[in-house]
Amino acid sequence: MWIGIARFILRYRIALLVVFAGLTAFMAFQARKVHLSYEYAALLPQTDTALQEHQAFKKIFGEDANSLIVGLQSETFFKLNQFNAFLDMCDTLRTLPGVEGVLSVGSALKLEGTTIVPYFANRPQTQADLDSTARDIRQQKLYEGLMFTDSSDVYALMITIKQEVLDCPEREVLIADIQSIVTNFAHTYNVQTHFTGMPYIRTKVSLKLQNELVMFILLAALVCAIIIFLFFRSLKIVFFSMLTVGIGVVFTMGIMGMLGYSISILNAMLPPLIIVIAVPNCVFFLNKYHIEYARHGNQIKALQRVIVKIGNAIFIANLITAISFGAFIVTDSILLIEFGIVASLGILAAFVASLVLIPVIFSFLAPPNPRNLKHLDAKFINLLVKHIINIVSNHRPKVYIATGVVVVVAAIGITRLQTTGFMVDDLPQHDTLMVDLKFMENQFDGALPMEFMIEMPDKINFMRDKDFMRRLDVFQEKLASHPELSKPLSIIDVIKFSWQAHNHGDPEYYSLPNSMDIGYQNKMKKIVRSQNGSGLAMAMIDSTGAKIRVKANVQDIGTQRMEALEKAIMNDILEVWGDSTYQVKKIGTSMVFTQKDETGTVSETDFVYKITMTGASVVFSKGTKYIRNSLFTSIGLAFVIIAFIMLWLFRSKRMVGIALLVNILPQLITAALMGYLGIPIKPSTVLVFSIAFGNVTDDTIHFLARYRQELKHTNWDIGKSVLITIRETNPSMIYTSLILFFGFGIFVFSQFGGTQALGALVSITVFMAMISNNLLLPSLLLSLEQRMTKKSFGEPLLLIYDEEEDIDLSELQIAESTSDTNTTNNENA
């Protein structure tokens, strides 16, 4: 098959160049459709209960993660000129296209009779008037801990952004405008500002991602180009290698455009990943081309032999790498599915580009000169190979002892692994986003949305239902007792607020009324009917009156503590809302309380209460856990598929066992390092094992493919075959491992901690795999010499070309005419 492929590529080389030029132009056009994703990454599948409950909540009460929060710290906040300037700033913010509402001390409301009116319907004219109003606002328990903190003179400004703006590029302009307006005010009056909230965090992270995408593409290309030049000492080889790899990147981005995918935090890594993964293909092809040409001096024969002899091994290596990424497709996460599809197709596209373009392009160029071939006799590499041969020939016990020690140390390190995930933990602690988020968490006990929805299908009149109001009040007190949560807010707080106002603003009356006179009941009816009557810019009761919202914010405490908090809150719900007359059932993040009848029978359809815990923070926590588990599943699947491919390729269970052992060891070392260094298992770090496994097996495939060829030529002399294989393949294995090591190493320059960890850990895994493939693999083959007999190998299903057979070029006629003397000589040959 590969002889036919080689013949086709070299015979129709001009036609193939035209085809690739057209395909590249088409894919470049498709790549223009790719844009940055402005939606929050969907970690959970659509069938997940937690996601469905969150979507149901948003349909009723609207988006919960659309508030940009600004903390303003100033001891002179209520100075007349400064405060009036603040009110003017808030009015300016309200006029911005895309702003839905602005909530602050300046929009605080009070109750006058049955009418809710703003404190600052008119601008205060004197400092005395402002001081009096400020005292009244500070007495309102509803606003304390929500709009201001007296202890540190911090005032919250919450800007609600329309959902349609959040999910489009205009979000960046709006956030920049908001930040500019607030910052100008802050600079004028020496006010410290702290920006946070999901819209702000998402926007700033997206911009950082966009900047890093360009930086990593350039860095990956630069690093790989430098390494190629150091290997081959030829700018011509560097240029055409990077051109081939660049075409692979264009194909990858074109595939994203054709499939309608956007650039997410995961997909953003694909272009530099493709560069790093595709460059070794060029190195293998060119190194083999130079080896063949040095043997016989026939350029066309050398190019054909490159395709025939190592094309299949490189194909299998790329196929395995593609499978390691493609295994993500079996998950139900849209984020992982998109990444898996594009990565696997991009890797295969880059392979096809290198398989076709390297032989075709170099068939038009002058053959290698002696200077180009010097790398074949590189003293350092040759010396290193001699040391490797010496070790595997004479010091194998030391290799096994070292391996055993490493395994024991790795096992201890693995026991120290922890799992967690934060919404913004990928950013360094000194980053402004992190500093501002932690500041607001300290001041207001949380900045990430956590929501509760209480459903009552019987539509009870909760204002007259003292038992329900008492339960809801106690539930909020229990929520407030958790230090990770901010002050919760619901219609109960509006009732307390109005009862305080009904009693002349006395803070002692910020409580549920013991009894309601007719006048107060009528007043409350008017207030409750107004969804935004509290001035909190949020609906607290649905239109039917059957669903009540309890809003809170939670700190970014990580998935482990979040799971513990969720469990504690579920226990609170059970304690507050449950009693002996109810049957309780937990469904997803909901607790359903169903009434028992006199016989103890429970209705399957009717329920008294259903309390759902949801919000962006809950969905993220569940999504992180799901992604982590899905990644482990996909890694396991890829491992099994790769094992079967190796069995199909080599027809030997012993060989498969050795190959997998050699490649599992580096993964164990990486996992142990994570344990010792305190790097937790989270989506970005679990991805390390999938990326690394697909790449480090390439060298094993090349080594074993060559080893199998040599077994035939040496009459199944394993010792001799291993030593010849080391001399032939180890230089290329070292070259490609160095490319992968430095190529993935560029990710340590990322601003995101997860990306930094991924780059460092993959680089370490690649380096350890290089040692394992160069020392442990040949040592095992030599030690098992008596068992690795001819009977261990059946005939492979995939033909591996016999190196000693010559290639008949009589049928090879280059379709185009050329004046190249060397090509003419080759054709005559």
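The values are calculated or read from the model by the stated rules, or taken from the named source; none is laboratory data. Quick caveat, the model's predicted, so the values are computed rather than measured. In this analysis, Cβ positions are derived from the backbone assuming ideal geometry, glycine residues included, and neighbour counts consider all displayed protein chains. Surface areas here come from the heavy atoms of the whole protein model, side chains and all, with no ligands, DNA or RNA. Shrake-Rupley method; radii C 1.70, N 1.55, O 1.52, S 1.80 Å.
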TODO: Could you tell me which numbered condition Gly106 fails, if it satisfies all but one of (1) outside any loop (DSSP other than H, G, I, E, B); (2) crowded, with 16+ Cβ neighbours inside 10 Å; (3) in contact (Cβ under 8 Å) with a residue 60 or more places away in the chain?
DONE: (3)
TODO: Could you identify the single residue in Leu775, Leu738 that is of a type outside the set (S, T, N, Q) and over 26 Å from Ile226 (Cα atoms)?
DONE: Leu775
- [ ] Could you tell me whether Ile323 is open to solvent by 10 Å² or more (accessible area, probe 1.4 Å), touching a residue at least 24 places away in the same chain (Cβ under 8 Å), in contact with a helix residue (DSSP H, G or I) (Cβ under 6 Å, 6 or more places away or on another chain) and at negative phi?
- [x] yes
Open item on the list: I'm checking my understanding of the structure. Among residues of the stretch 704-740 that are open to solvent by 40 Å² or more (accessible area, probe 1.4 Å) and under 13 Å from Leu384 (Cβ atoms), which one is farthest from the chain's Cα centre (by Cα)?
Closed with: Arg727
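Any idea which of Thr196, Thr188 is open to solvent by 20 Å² or more (accessible area, probe 1.4 Å) and either under 24 Å from Asp431 (Cβ atoms) or more than 36 Å from the chain's Cα centre (by Cα) (or both)? Even if it seems obvious, please write down each step before you answer.
Values: Thr196 fails: open to solvent by 20 Å² or more (accessible area, probe 1.4 Å).
Going through Thr196, Thr188 in turn, just one is open to solvent by 20 Å² or more (accessible area, probe 1.4 Å) and either under 24 Å from Asp431 (Cβ atoms) or more than 36 Å from the chain's Cα centre (by Cα) (or both): Thr188.
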- [ ] Can you run down the residue pairs with Cβ atoms below 6 Å, 6 or more apart or on separate chains, where the first is in the stretch 429-442 and over 19 Å from Gly754 (Cα atoms) and the partner is open to solvent by less than 20 Å² (accessible area, probe 1.4 Å)?
- [x] Asp436/Phe195; Asp436/Thr196; Met440/Gly71; Met440/Thr196; Met440/Ala447; Glu441/Ala447
Task: Cβ-Cβ under 8 Å pairs, at least 6 apart or on other chains, the stretch 632-653 side free of Cβ contacts under 8 Å to residues at least 60 places away in the same chain, far side among the charged types (D, E, K, R) and surrounded by fewer than 16 Cβ atoms within 10 Å (Cβ to Cβ) - done: Leu647/Lys653
Open item on the list: For the stretch 571-585, which positions are modelled with pLDDT of 85 or more and part of a strand (DSSP E or B)?
Closed with: Val584, Lys585
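To keep it simple, each residue is scored yes or no on (1) part of a helix (DSSP H, G or I); (2) open to solvent by less than 20 Å² (accessible area, probe 1.4 Å); (3) free of Cβ contacts under 8 Å to residues at least 24 places away in the same chain; (4) within 19 Å of Ile307 (Cβ to Cβ).
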| site | (1), (2), (3), (4) |
| --- | --- |
| Leu219 | yes, no, no, no |
| Phe240 | yes, no, no, yes |
| Thr244 | yes, yes, no, yes |
| Gly254 | yes, yes, no, no |
| Met258 | yes, no, no, no |
| Ile265 | no, no, no, no |
| Ile277 | yes, yes, no, no |
| Cys282 | yes, yes, no, yes |
TODO: Return the residue satisfying two criteria in turn: it lies in the stretch 288-297 and is open to solvent by 10 Å² or more (accessible area, probe 1.4 Å) and not β-branched (Val, Ile, Thr), and of such residues it is nearest to Gly346 (Cα to Cα).
DONE: Lys288
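Can you work out which of the residues in the stretch 14-45 that are at pLDDT below 80 and hydroxyl-bearing (Ser, Thr, Tyr) is most open to solvent (accessible area, probe 1.4 Å)?
Going through the qualifying residues, I end up with Tyr40.
Given Gly657, Gly678, Gly719, which one is under 30 Å from Ile412 (Cα atoms) and touching a residue at least 40 places away in the same chain (Cβ under 8 Å)?
One residue alone meets the criteria, Gly678.
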Task: Yes/no for Pro271 being over 30 Å from the mean Cα position of the chain (by Cα), over 26 Å from Gln709 (Cα atoms), crowded, with 22+ Cβ neighbours inside 10 Å and of a type outside the set (Val, Ile, Thr) - done: no
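Rundown of residues vs (1) open to solvent by 40 Å² or more (accessible area, probe 1.4 Å); (2) among the aliphatic types (A, V, I, L, M); (3) touching a strand residue (DSSP E or B) at 6+ places or on another chain (Cβ under 6 Å), yes/no style:
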position	(1), (2), (3)
His387	yes, no, no
Arg396	yes, no, no
Val406	yes, yes, no
Ala411	yes, yes, no
Met440	no, yes, yes
Gln443	yes, no, yes
- [ ] Pull up the stretch 147-173, narrow it to residues that are modelled with pLDDT of 85 or more and assigned to a loop (DSSP other than H, G, I, E, B), then point me to the one that is surrounded by the most Cβ atoms within 10 Å (Cβ to Cβ).
- [x] Met147
Open item on the list: For the stretch 420-428, check the following and say yes or no: at least one residue is at pLDDT 85 or above, open to solvent by 10 Å² or more (accessible area, probe 1.4 Å), polar (S, T, N, Q) and within 33 Å of the chain's Cα centre (by Cα).
Closed with: no
Open item on the list: Take the residues in the stretch 550-572 that are open to solvent by less than 10 Å² (accessible area, probe 1.4 Å) and in contact with a Phe, Trp or Tyr (Cβ under 7 Å, 6 or more places away or on another chain); name whichever of them is nearest to Pro680 (Cα to Cα).
Closed with: Gly558
Open item on the list: Suppose we filter the stretch 647-674 for residues that are open to solvent by 10 Å² or more (accessible area, probe 1.4 Å) and not aliphatic (A, V, I, L, M); how many remain?
Closed with: 6
Task: Scan of the stretch 9-38 for residues that are assigned to a helix (DSSP H, G or I), touching a residue at least 60 places away in the same chain (Cβ under 8 Å) and over 30 Å from Arg171 (Cα atoms), ordered by number - done: Ile9, Leu10, Arg11, Arg13, Ile14, Ala15, Leu16, Leu17, Phe20, Leu23, Thr24, Phe26
Task: Any chance Asn372 is modelled with pLDDT under 90, within 30 Å of Tyr289 (Cβ to Cβ) and open to solvent by less than 40 Å² (accessible area, probe 1.4 Å) - done: yes
